[in-house]
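**Student:** There's a structure below that I have some questions on.
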Amino acid sequence: MKKTTKKYSQIVYLFWIYAGAIIFVLGAFFVVIDAVYKSNIYTDAKNQTTTFCTSIQSAVASELNKMSSIAMNVVYSDIIRDTLGKSQEVDDKGSISNKDSSIPMLQIHDALNAAQQNTQSASQVNVYTLNEVCIGTGFIDAMSNVQLKEKGWYDAALSLDGKKFFTVPEKITFNEFTNKNMEDHMYISLVRLFHNRKGKKAGFVEVVQDCNQIFSLVDQLQEQNPQTSIFIFNDRGETVYPYDKSGVVNPGYYSLIKDNNMEPLVSKWIHTDYYIKSLATYQVIDSYNWSILVYENRQSIYYPLHKYRVVFFTAGFITVLLVILLCFWLSRKITRPLKEIKDATRQITITSVLDEEHEHINEIDSNITEIHQLCDAIRMMYEQLKDSSREVLLSRAEETRAKLSATQSLVNPHFLYNCLTHMSIMAEEEMNDEIVQLCNSLCDFFRYITSTKEMKVPLKEELVCIEKYIDCMKIRYGEDLTYICNISDSVKDVLIPKLILQPIVENAFKHGFNKKPPWVLKISAYKRRKNWRIEIEDNGGMLTDEQKEVLLKEFRETKKNAFYNMEIGGMGLKNTYLRMKLLYGEKAMFTIVNHYPGRTKFILGGPIEATKEKSVL
């Protein structure tokens, strides 16, 4: 079997292929650009978090180093060690012994200032003796007694035995003369135990620094990048940044580093608050074992990508719309002359070909050479078709007229034989009046059927003929026969084939009225859209489904030239079916309905031809 190729119109090609190809290219371009842009955003985010970690590490380490340097300078100051070491020390049993209760405060202040290299780089530097005397410089330059063991850092600093201990951010009240603005600040203290020259514990040094100073760069970065979260943890995993000015330490995120197995300066996606996916980078301040965690949530990172997608989709939608409009305009421009040619060729009908006054195909307005050549070829074909079609149609019309005349003539002998038989019987029974009436009706009937001038007649004339025929049959059936005629006014003047009803009516008398009377014959006619319909119904109800299918199958197998092989009187219903097919072809309707109880209905139909002038024949 030969494979058929599916064909498409030019509009389909333009809209679905060209426009589709453009949309595909735009989509591919968007996907590539989106992937590149997304990759660049991800790389920039990684670089930013890494840069933040490195910068914060450097800045915070620098501040911690300053504090550590001050503490170390104090611890190793000869004046501090000699002066405070002589005044008191802790013996081997852990008790404090006072050797000299006089402490030269001025010398201690000078030593503390010298430890800061006279720059006052720390907010406050304090030295605590073990007999609970505090000497400080910075916001407070004074010597005072303190409850050393009540200090929050005391036990931890004592246990570290000289190693550095950093407190978490906290508020510190110095004295009433201190600037009130300073009371809102948070401070971190570096505390370490120092020893005298004998190696005995001599006291503590405390370097206090403002968190604003330690984390100045962090605050600046956080202010410039509010979407970025920055956390700094001390060596104990406690959060030292961000800090709450109320003195409450923020809950730590230190566990994120451990739980996600993070490595220094290696960015990775982690889940933070409420399982929000974020890009995080981790760094360590090695000298102090402090940790820095910087992360930014995915939504914030890809927000520029979202804006880009909105802009691109908007621009893409407008572009696609313009492309579709352009394709539509091009398709209209290209297909308009083709459509004109198509419309012109569709107007080529038998009527237009045979019509002398019908105009030729007009010139097509197009600047495409191939379309002009196609139009010229169709115009030449049309002229040739007009010449050849006239001859073919005239010969076919004559052939059809001859066939219809032949089939119509086959009806007359068949009915005549039946009428003569009836008259013979009536003569034997001396029914003279009835014979006269039958002869008059028979004469009118034969006068109608022998008129071969017209092959199609108005429905109302055909019904007059049928009434004459029924008058003939009433002579035989008498009062037991009831005839009902229900004809719509809209179809009375519709042209139908001459003598198309008589075989069916005759079939009703022959086969439908074999049962006991009363007998009812009903003829209805009406209009259905652009077609006429005629229903002939009898109350015989003798046609079974098997007989109906056999009959219809026999009709369908009837060839158009079958009448040449039929004998006179052998036509009947087949004659009617054949004539309908000759005249109307596939538009002819011939069907039998037998599903109503006790009734059989024949339905005929065909296209409406309102006047004789519009009829082909």
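**Student:** Identify all residues within the stretch 422-434 that are outside any loop (DSSP other than H, G, I, E, B) and either of a type in the set (Asp, Glu) or under 14 Å from residue 473 (Cβ atoms) (or both); write none if there are none. Working first, answer last.
**Tutor:** Pass one, the stretch 422-434, residues outside any loop (DSSP other than H, G, I, E, B): 422-428, 432-434.
Those that are outside any loop (DSSP other than H, G, I, E, B) and either of a type in the set (Asp, Glu) or under 14 Å from residue 473 (Cβ atoms) (or both): 422, 423, 425, 426, 428, 433, 434.
**Student:** A further question on this structure: Can you pull out every residue in the stretch 420-462 that is within 12 Å of residue 499 (Cβ to Cβ) and touching a residue at least 60 places away in the same chain (Cβ under 8 Å)? Please lay out each step first, then the result.
**Tutor:** We begin by selecting, within the stretch 420-462, every residue within 12 Å of residue 499 (Cβ to Cβ); these are 445-446, 448-452, 454-457, 461-462.
The answer is 454, 455, 456.
**Student:** Please state which one of 496, 504, 500 is hydrophobic (A, V, I, L, M, F, W, C), in a loop (DSSP other than H, G, I, E, B) and open to solvent by less than 60 Å² (accessible area, probe 1.4 Å). So that I can check it myself, show each step before the final result.
**Tutor:** On the way: 496 fails: in a loop (DSSP other than H, G, I, E, B); 504 fails: in a loop (DSSP other than H, G, I, E, B).
Selected residue: 500, the only one of 496, 504, 500 that is hydrophobic (A, V, I, L, M, F, W, C), in a loop (DSSP other than H, G, I, E, B) and open to solvent by less than 60 Å² (accessible area, probe 1.4 Å).
**Student:** Let me ask another. Report whether or not residue 71 is aliphatic (A, V, I, L, M), touching a helix residue (DSSP H, G or I) at 6+ places or on another chain (Cβ under 7 Å) and assigned to a helix (DSSP H, G or I). Reasoning before the result, please.
**Tutor:** On the way: aliphatic (A, V, I, L, M): yes; touching a helix residue (DSSP H, G or I) at 6+ places or on another chain (Cβ under 7 Å): no; assigned to a helix (DSSP H, G or I): yes.
Criteria not met by residue 71.
**Student:** Restricting attention to the stretch 70-122, and to residues there that are within 17 Å of residue 204 (Cβ to Cβ) and of a type in the set (Gly, Ala, Ser), which single residue is modelled with the lowest pLDDT?
**Tutor:** The selected residue is 94.
**Student:** Tell me, which residue of the stretch 252-264 that is part of a loop (DSSP other than H, G, I, E, B) and out of contact with any strand residue (DSSP E or B) (no Cβ under 6 Å at 6 or more places or on another chain) is surrounded by the most Cβ atoms within 10 Å (Cβ to Cβ)? Let's see the steps before the verdict.
**Tutor:** From the stretch 252-264, those part of a loop (DSSP other than H, G, I, E, B) are 252-253, 260-263; that's our starting set.
Among the residues that remain, those that are also out of contact with any strand residue (DSSP E or B) (no Cβ under 6 Å at 6 or more places or on another chain) are: 261, 263.
Details: 261: 9, 263: 12.
Across the stretch 252-264, the extreme among qualifying residues is 263.
**Student:** Output yes when any residue across the stretch 265-274 is at pLDDT 90 or above and on the phi > 0 side of the Ramachandran plot, and no when none is.
**Tutor:** yes
**Student:** Go through (1) over 15 Å from residue 67 (Cα atoms); (2) in a helix (DSSP H, G or I) for residue 231 and report which single condition fails.
**Tutor:** The one condition residue 231 does not meet is (2).
**Student:** Here's something else I'd like to know. Would you please list the contacts, defined by Cβ atoms under 6 Å and residues six or more apart or on different chains, that run from a residue in the stretch 40-60 that is over 14 Å from residue 292 (Cα atoms) and part of a helix (DSSP H, G or I) to a residue that is open to solvent by less than 40 Å² (accessible area, probe 1.4 Å) and of a type in the set (A, V, I, L, M, F, W, C)?
**Tutor:** 41/305; 45/279; 45/301
Okay, residues lined up against (1) in a helix (DSSP H, G or I); (2) over 30 Å from residue 471 (Cα atoms); (3) modelled with pLDDT of 75 or more:
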| site | (1), (2), (3) |
| --- | --- |
| 376 | yes, yes, yes |
| 380 | yes, yes, yes |
| 395 | yes, yes, no |
| 404 | yes, no, no |
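**Student:** Would you kindly identify the strands (runs of 3 or more DSSP E) lying entirely within the stretch 107-148 that contain at least 3 residues that are not hydrophobic (A, V, I, L, M, F, W, C)? So that I can check it myself, show each step before the final result.
**Tutor:** Numbers: elements: 124-129, 133-138, 142-145.
The qualifying strands (runs of 3 or more DSSP E) are 124-129, 133-138.
**Student:** Name the residues in the stretch 25-70 that are of a type in the set (A, V, I, L, M, F, W, C) and touching an Asp or Glu at 6+ places or on another chain (Cβ under 8 Å), would you?
**Tutor:** From the stretch 25-70, those of a type in the set (A, V, I, L, M, F, W, C) are 25-26, 28-33, 35-36, 41, 45, 52-53, 56, 59-61, 64, 67, 70; that's our starting set.
Hit for the stretch 25-70 is 45, nothing else.
**Student:** Same structure, new question: Regarding the stretch 511-531, can at least one residue be identified that is buried (at least 20 other Cβ atoms within 10 Å of the Cβ) and either touching a Pro at 6+ places or on another chain (Cβ under 9 Å) or farther than 23 Å from residue 486 by Cβ (or both)? Before you say what the answer is, go through the steps one by one.
**Tutor:** Applying the first criterion (buried (at least 20 other Cβ atoms within 10 Å of the Cβ)) to the stretch 511-531 yields 512-513, 519, 521, 523, 525.
From what's left, either touching a Pro at 6+ places or on another chain (Cβ under 9 Å) or farther than 23 Å from residue 486 by Cβ (or both): none.
No: zero hits.
The values are calculated or read from the model by the stated rules, or taken from the named source; none is laboratory data. Note that the structure is predicted; figures quoted are calculated from it, not measured. Note that each Cβ is placed from the backbone with ideal geometry, even for glycine, and that neighbours are counted across all protein chains shown. Please note that ligands, DNA and RNA were not included when accessible areas were found on the heavy atoms of the full protein model with its side chains. Shrake-Rupley method; radii C 1.70, N 1.55, O 1.52, S 1.80 Å.
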